[in-house]
Amino acid sequence: MAAAPGVADTNSEAEAVTGSDLVLSVNSASHAEHALRAGLAGMSPGTLWADLNTASPALKRHLGEIAGVTGIAFADVSLMATVPGRGLRTPLLVSGVGAGRYAAMLRSLRADVDVLDGPAGLAAERKLLRSVFYKGLAAAAVEALDAARAAGCEEWLRQIIAEELTCADSTTLDRLVRGSHRHAVRRTAEMQAAADMLGDLDVPPLIATASRDLLHRLTRERKAGSNVSRHDTNGPRALPTRRSRRQGGTPYGQPASRAVTERDERRSVADQRHPRLPRRRPHRPGIPGSPVRCLPQDLLSPVIRLRDDRGPSHPAFTRSQSNRFDEPNTERTGRQSPRHRPPGPPTVGASSTARTSRPPKPPATGR
């Protein structure tokens, strides 16, 4: 077969690259290393070898090492869009030792080249990261449309997908990511049901089961994260139980004394951020006879004013309420309470019902 106009037909790779300043390797990842090794014999030191194949970052680094041993400059180039329709204007990412030289040569031909400051493999890494999204999105659309075709509603689903892609904006990504983490539990069951439905439609649920597994992983991570205290940045720790104390450790092999110490440390951090009131407040003089002895004066003033306005003889006040104000309770009994009686012998003219001091009881004798 005759070569096309402007193309020289040679017998080997080494003969094809002889005398070249720039070599573009565009074949496949499986043949990239063979093409480089076969062309080394025809290249002189200083020749730039640019590998444009879609390959793993590890393979690109390996190719760069092979070229560097023989003094050949290597450039890792990634095509960031389809070539048909764009040609030389196809966006390119390039990294490696020969990235600068490659960009200078191609930009002189008005090519769109973006240079990454890094070793060979960095450009391939960026492209494959983007491929996870683009190719994953395409695979999800293909599987969903296959299932819709089997269910007899392909056009309806095409319209739904087109509307979602058309309305996507800068907030769509955040909504998708936050929703997946927040509703991982429910969506795991939902994708399991979707995978079962695709099985009934005789459509292999590859993407559906992969989505289910991803959501299940998010569920496990969310549950593991809920066990971590918001004041603890080192992960969940086991507190000692009664059984673990008897055995000298916790169920996770952590000494009980250490677990108690860590628990106290977490409590101290929590107290610093959210101070708690002391359990026992210091005693302050309050109203004698009242169970509440710590009320501030501004809270007691309305009660005292009410006492002054209505008096203890008002029907709304009982004996226990009138005694709360530490005043003699003479309205009902006609005598002072023993608590308010002045010390010493009873005064003359005191009521006959006034109590007198009792002699001490004789000591008990043994039988």
Please quote Rg/Rh for the range 128-227 to two decimal places, taking the Kirkwood radius as Rh and restricting both calculations to Cα atoms.
0.99
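Summing Lys, Arg as +1 and Asp, Glu as -1, what charge do residues with Cβ under 15 Å from the Cβ of W156 carry, W156 excluded? Can you show the working numbers first?
On the way: positive: R149, R158; negative: D146, E154, E155, E163, E164.
Result for the local shell: -3.
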In whole Hz and in residue order, list the ³J(HN,Hα) couplings for the range 146-154 that follow from phi through the Karplus curve 6.51 cos²θ - 1.76 cosθ + 1.60, θ = phi - 60°; x for Gly and Pro.
4, 5, 5, 5, 5, 8, x, 9, 5
How would you rank 167-179, 13-25, highest first, on the average number of other Cβ atoms within 10 Å across their residues?
13-25, 167-179
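Can you give the Kirkwood hydrodynamic radius for the range 13-119, in Å, rounded to one decimal and based on Cα pairs?
Computed over the range 13-119, the radius equals 13.8 Å.
Expected output is a single nm value to one decimal: the length gained when fully extending between A189 and A8, i.e. 0.36 nm times separation in residues minus the C-alpha distance. What is it? Don't skip to the answer; put the middle values down first.
Values: separation 181, 0.36 × 181 = 65.16 nm, distance 6.06 nm.
Separation in residues times 0.36 nm, less the Cα-Cα distance, equals 59.1 nm.
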Mind giving me the nanometre distance, one decimal, between the label points for A139 and D117, set 7 Å out from Cα along Cα→Cβ?
3.5 nm
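Read-outs: derived from the displayed coordinates by stated rules, not from any lab. All of these numbers come straight from a predicted model, not from anything done at the bench. Ideal geometry is used to build each Cβ from the backbone, glycine not excepted, and the neighbour counts take in all protein chains shown.
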